[in-house]
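The values are calculated or read from the model by the stated rules, or taken from the named source; none is laboratory data. Every value quoted in this text rests on a predicted model; they were computed, and no experiment measured them. Note that we place each Cβ from the backbone using ideal geometry, even for glycine, and neighbour counts take in every protein chain shown. Side chains included, ligands, DNA and RNA excluded: accessible areas come from the protein's heavy atoms. Shrake-Rupley method; radii C 1.70, N 1.55, O 1.52, S 1.80 Å.
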Amino acid sequence: MKRTNWKIIYFVILLLFVPKRALAMHIMEGFLPIEWAIFWWAVSLPFLILGYRSIRSKVRENPETKMILGLSGAFVFILSALKIPSVTGSSSHPTGVGLGSILFGPLAMSVVGSIVLLFQAVLLAHGGLTTLGANAFSMAVCGPFIAYFVFKGATKLGWSFSLAVFLAAAFGDLGTYVVTSVQLALAFPSEVGGFMASFSKFAGIFALTQIPLAISEGLLTVVVMNFLKKYNLGELKLLRVLSKEAR
């Protein structure tokens, strides 16, 4: 019991006191030049519009899936709020977008992920409003699309359901950090070596902490998905995650 209490205290301290620097997975408020902030907002906006339509269509078709949609959003919020310090003093975190991408598709997660990012920027000072477009594109657009296509590809290859879920969640997480590295490298190319040198620096900083986190997120997503498979099999069939014959 005492050991459990110490673990809880440790994670609370991490949440409250981990530094919020620009090299965190969420790009902090005011860090991007204004032209890049506007650019990423413009790129992300069409996905939000399509995502809203996708959610409306799915919920209208299957109202009983609203609870699982809420679960997907809560999963993203909790995991992406767990900032873990890296060796550089910056922070990394899981994204949680793989679960919802498998269940509702990547377009729906563009809205869910963006809402989560907005709440984190306002309530936790994690990310920012001017950089919301950039953060949404990396975590709420690219991450979900990568997770979705990895899951579909693994399923078509005949791999097990759990393995497909694990790979989707892990690569969705890793894809997010790669896109964030690209965004930072585009905004701040190195004086020597330009974009590639800057990208290598940002990606290298993330990799040391993000790879273990991606593996952990993949495993956790498998646990949650297997729980849903056991107790919400009907909803998974309605969402076409599983075939009608699945048990």
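Please check which bits of the stretch 213-229 a label hung off Trp159 would reach, taking the label as a point 7 Å along Cα-to-C-beta and the cut-off as backbone N under 18 Å. Counting backbone N atoms under 18 Å from the label point, the list is 213-226. Gyration tensor analysis over the Cα atoms of the stretch 78-204 returns equivalent ellipsoid semi-axes of 25, 19, 13 Å (largest first, whole Å). Here the calculated FRET efficiency for Leu208 and Lys230, from their Cβ-Cβ distance with R0 = 35 Å, stands at 0.50, rounded to the nearest 0.05.
In vacuum, with every alpha carbon of the stretch 158-247 counted as one equal point scatterer, what does the Debye formula give for log10 I(q)/I(0) at q = 0.18 Å⁻¹? Two decimals, please. At q = 0.18 Å⁻¹ the computed log10 ratios are -0.79.
Annotation: per residue accessible area for the stretch 40-179 equals 39 Å², rounded to a whole number [probe 1.4 Å, protein chains only]. Full extension of the chain between Lys152 and Met67 yields a length gain of 28.3 nm, computed as 0.36 nm times the residue separation minus the alpha carbon distance. Over the chain, DSSP H runs of length four or greater, each weighted -39,500 (n - 2.57), average out per residue to a 222 nm ellipticity of -23500 deg cm²/dmol. Given +1 at the Cβ of Lys and Arg, -1 at the Cβ of Asp and Glu and no other charges, the dipole of the stretch 181-247 around its Cα centre is 480 debye to the nearest 20.
The charge dipole of the stretch 55-166, taken about its Cα centre with unit charges on the Cβ of Lys, Arg, Asp and Glu (plus for the first two, minus for the last two), comes to roughly 160 debye.
Using a Förster radius of 35 Å, what is the FRET efficiency between Ser190 and Ala125 based on their Cβ-Cβ separation? Nearest 0.05, please.
0.80
Any idea what angle helix 66-80 forms with the longest principal axis of the chain, computed on alpha-carbon atoms, 0 to 90 degrees, nearest 10? Between the helix axis and the principal axis of the chain, the angle is about 30 degrees. For Rg and Dmax of the Cα atoms in Å, computed directly from the structure shown, the correct entry in (i) 19.5, 59; (ii) 18.0, 58; (iii) 26.9, 90 is (ii). For the chain, carbon and sulfur atoms together expose 72% of the accessible surface, with a 1.4 angstrom probe and every protein chain in place.
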